[in-house]
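Have a look at the structure below, then the notes.
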Amino acid sequence: MNVPAWMWIATIGGLLVLLAVDLVIVDRKPHEVTIGEAARWVIFYVAMAAVFGLGIWYFSGGQYATEFFAGYITEYSLSVDNLFIFLIIMTTFKVPAIHQHKVLLIGILLALIMRGIFIAAGAALISQFSWVFFIFGAFLIYTGWQLARENHDEEEEYKENLMLRMVRKVFPVTDDFHGSRSFIKIDGKRFVTPMFIVMVAIGSTDLLFALDSIPAIFGLTKEPFLVFTANAFALMGLRQLYFLLGGLLAKLVYLSIGLSVILGFIGVKLILEALHTNTLSFLNGGEPFNVPTIGIEVSLSVIIGVLAITTIASLLKVRRNPDAAKHIGADVDANH
């Protein structure tokens, strides 16, 4: 896929304009985002992603468009799992409801910048070393296995990561929020507020999730442009999905199992492709293996199918046994 520099610039510029419009419209007056408002924004961002994908179909063909949609759906579904952690962070820091949208917007913007760097590094590695797919594939299978065997009955707690601990060491932090301000001067001394800390927490936590999702999408497309734009659209729609789903997240009790199946599936796909294009001298004398590969159409069908089954099974489970819902749901409802 040949993407000229002006297309990269235009795409990034367009995404920044969308974020700016979102910030101006939604945050011109801080307020608690309603379900109806969140639903309209989710529909808007999904529609924008669909239009972008159709544009790729028109200008570059169905193969690349299918890769984009598969990557977008995968990134969006993996991002939904991030929302559980975002909910825990909001609850832990007691973020006022009227400021939660701004926290998510800035935090996810930081995450998008860091993901862009991560994507560039991954693309450079893949272009030079095809055997990286063996590592990505094994990592995804292992991550999927770990995700499937987690104990989801225990209530989750947020533990501050290294980046957040470093910020606390460098900057003094106030005890209380000061509206939506991130920095404040008290007695001539500059402090950061909990608002800033939460933004860093959201951004850095999402980067940790990218360790799973970026290798996964590289298993669906090797085009850096598609990887970046699929991530961007998924992250941009994630904020409003946070407010739309609310307590429904607590009912997706089998989500982690579904995501583990998707990660494992893409991991197997990556390893098969690595074997099919093998150049490692100690494997089959450096010659490719005659193994089947999994096409993007099959991948897209599996991803959509697993997500549909996971969602339906989760809702049926909670309907039969309401106590099966994740414990964090009660805390979230209380905060909203």
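The table for this structure:
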quantity	calculated
Computed lengthening from residue 312 to residue 173, 0.36 nm per intervening residue step minus Cα-Cα distance	45.6 nm
Sum of side-chain charges, residue 222 neighbourhood, beta-carbon under 11 Å (Lys, Arg +1; Asp, Glu -1)	-3
Entries in 269/317; 94/169; 169/189; 94/159; 159/317 that, when Cα-Cα distance is taken, lie over 23 Å	269/317; 159/317
Highest-MSF residue in the chain out of 202, 266, 12 [GNM, Cα springs under 10 Å]	12
Value of [θ]222 nm, deg cm²/dmol, for the chain, DSSP H segments ≥ 4, -39500 (n - 2.57) each, nearest 500	-24500 deg cm²/dmol
Efficiency of FRET between residue 268 and residue 114 - r from beta-carbon atoms, R0 25 angstrom, step 0.05	0.35
Label-point separation in nm, residue 16 to residue 142, each point 7 Å along Cα→Cβ	3.8 nm
For the chain, built as a Gaussian network whose Cα springs stay under 10 Å, the top-fluctuating residue of 161, 231, 278	161
Loop sites in the range 28-133: trypsin sites (Lys or Arg not before Pro), DSSP, at most 16 other Cβ within 10 Å	28, 94
Pairwise centroid distance, computed over Cα atoms, of the range 57-71 with the range 172-196, Å	46 Å
Chain lengthening between residue 184 and residue 92 when straightened (0.36 nm per residue, less Cα-Cα)	30.9 nm
With every protein chain in place, the chain: carbon and sulfur % of accessible area (1.4 Å)	66 percent
Cα gyration tensor shape of the range 32-127, rounded if a/c is under 1.5, else prolate or oblate by comparing a/b with b/c	oblate
Neighbour cut-off at most 15 other Cβ (10 Å), DSSP loop, GluC sites (Glu not before Pro), the range 1-103	32
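The values are calculated or read from the model by the stated rules, or taken from the named source; none is laboratory data. Everything numeric in this text was worked out from a predicted model, so none of it was measured. Cβ coordinates were reconstructed from backbone atoms using ideal geometry, including for glycine residues, and neighbour counts include every protein chain displayed. Each accessible area value is taken on the protein alone, full model and side chains, heavy atoms only, with ligands, DNA and RNA left out. Shrake-Rupley method; radii C 1.70, N 1.55, O 1.52, S 1.80 Å.
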